[in-house]
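A.B. asks: Sending over a structure as structure tokens; questions will come in a sec.
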Amino acid sequence: PGLAVGVVKDQELVYAKGFGVMNLETGGEVTPRTLFHMASITKPFVATSIVQLLEREKLSLDDPIVNHLPYFKMLDRRYPMLTIRQFLTHSSGMPDVDDYHWDEPEYDEGALERYVRSLADRALVSVPGERFNYSNMAFEVLGDLIAKVSGQSFAGHVKEHILLPLGMNDSSILIRDVDPALLANGHVEEEVGEIRVSEHYAYNRAHGPSSCLYSNVVDLSRWAIANMNRGELEGARILDASSYDLLWTPEVEVRARGSSRVHVGLSWFLTDEGGDQMVNHGGRDIGYTTNFVMVPDAGVAVIVLSNYFGMDTIVSDVTRLALELALGSE
């Protein structure tokens, strides 16, 4: 299958290259404009949207979810205390999604609200605020919250307030809005060495907030530069500079990794690498593996996107090598 790699250094996309094919059966060369299913790289777009609404004084991070979504209910009696901050930091105790129903995709605007309403028979898996417990489900709820607070669809809010201002013109949360000629098909490993095109395309509007941004190396380089500029790109500003102190402040410890510790801020994963903060998010869904890493103090970002989901570590290996090269260059 394919791989696309982008390296940003000093406010420029200094390396962008595609490898392999968009579809093993029909071909199609992967280029820097090839669109991939982003999987969980979508989540920081949710966090940015929430902070935009915070700046507009439409909500507070410690608001209970039910303040904005009165129909949000769970079997667990603790659900009324769950907050926006807990959802963004994976510390709510919310369970994860069991089935994304890629084989039965929903396309209409009501999909998110229906999904939130379907959670009434679910229980929490840990005490709210006690520890890190990764939850895609929590981000679907946040997407619906963004829609209700903003008065727009979740996809519409992201498009108007992030994608269009940053000139991310190929990208969308809605698969029907992107150029189908640019979309790479996902691939999976059936058995060791046997790779096939995924049976179903990874899309369902009910899971847009956790997973369904479609983007490419070129557009994500603009996202990287804007974030490393603390919200500004070419005269367009998506966030106040001070809001990055919220987004990138460690909130919850995820795990210890060697001598360094991994924390989560508001959706972003945060580590200390040689005294510099590394800000990142990766993604894995059936057919796709993605990685997005920034070292803001060094002005370096690496984007690695693949239309292949397997047991190998090629995406993380390429990310690590590209970071070493970019950080080591003058």
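The values are calculated or read from the model by the stated rules, or taken from the named source; none is laboratory data. Treat the numbers as computed from the prediction; the structure is a model and nothing was measured. Quick reminder, even Gly has a Cβ in these numbers, built from the backbone with ideal geometry, and neighbours come from all protein chains shown. Just the protein is used for accessible areas: all its heavy atoms, side chains included, with ligands, DNA and RNA removed. Shrake-Rupley method; radii C 1.70, N 1.55, O 1.52, S 1.80 Å.
A.B. asks: Looking at (1) of a type in the set (Gly, Ala, Ser); (2) modelled with pLDDT of 95 or more; (3) more than 30 Å from residue 231 (Cβ to Cβ), which one does residue 172 not meet, given that it meets all the others?
C.D. replies: Condition (3) is where residue 172 drops out.
A.B. asks: Considering only the stretch 182-200, how many residues are farther than 18 Å from residue 99 by Cα, of a type in the set (Val, Ile, Thr) and either touching a helix residue (DSSP H, G or I) at 6+ places or on another chain (Cβ under 8 Å) or not in a loop (DSSP other than H, G, I, E, B) (or both)?
C.D. replies: 2
A.B. asks: Restricting attention to the stretch 1-57, which residues are closer than 30 Å to residue 87 by Cα, touching a residue at least 40 places away in the same chain (Cβ under 8 Å) and open to solvent by 20 Å² or more (accessible area, probe 1.4 Å)?
C.D. replies: Hits for the stretch 1-57 are 54, 55.
A.B. asks: Considering every residue within the stretch 170-183, establish whether at least one is of a type outside the set (Val, Ile, Thr), open to solvent by less than 30 Å² (accessible area, probe 1.4 Å) and closer than 22 Å to residue 54 by Cα.
C.D. replies: Looking through the stretch 170-183, none of the residues is of a type outside the set (Val, Ile, Thr), open to solvent by less than 30 Å² (accessible area, probe 1.4 Å) and closer than 22 Å to residue 54 by Cα.
A.B. asks: Still on this structure: Applying the selection to the stretch 267-311, what residues are of a type outside the set (A, V, I, L, M) and either on the phi > 0 side of the Ramachandran plot or in a loop (DSSP other than H, G, I, E, B) (or both)? Lay out the reasoning, then the answer.
C.D. replies: Initially, the stretch 267-311 is screened for residues of a type outside the set (A, V, I, L, M), giving 267-269, 271-277, 280-285, 287-292, 296-297, 299, 306-310.
Scanning the stretch 267-311 gives 267, 268, 274, 275, 287, 299, 307, 308, 310.
A.B. asks: Does the stretch 132-147 contain at least one residue that is at pLDDT below 95 and aromatic (Phe, Trp, Tyr)?
C.D. replies: no
A.B. asks: On to the next question. Answer with yes or no whether residue 312 is open to solvent by 30 Å² or more (accessible area, probe 1.4 Å), at pLDDT 95 or above, out of contact with any helix residue (DSSP H, G or I) (no Cβ under 8 Å at 6 or more places or on another chain) and under 30 Å from residue 198 (Cα atoms).
C.D. replies: Spelling it out, it is not the case that residue 312 is open to solvent by 30 Å² or more (accessible area, probe 1.4 Å), at pLDDT 95 or above, out of contact with any helix residue (DSSP H, G or I) (no Cβ under 8 Å at 6 or more places or on another chain) and under 30 Å from residue 198 (Cα atoms).
A.B. asks: A further question follows. Assess whether residue 285 counts as being in contact with a strand residue (DSSP E or B) (Cβ under 7 Å, 6 or more places away or on another chain), over 30 Å from residue 187 (Cα atoms) and not β-branched (Val, Ile, Thr).
C.D. replies: Answer is no for this residue.
A.B. asks: A further question follows. Looking at the stretch 86-98, can you tell me whether even one residue there is among the hydrophobic types (A, V, I, L, M, F, W, C), open to solvent by less than 40 Å² (accessible area, probe 1.4 Å) and over 16 Å from the mean Cα position of the chain (by Cα)?
C.D. replies: So far as the stretch 86-98 goes, yes, one or more of its residues are among the hydrophobic types (A, V, I, L, M, F, W, C), open to solvent by less than 40 Å² (accessible area, probe 1.4 Å) and over 16 Å from the mean Cα position of the chain (by Cα).
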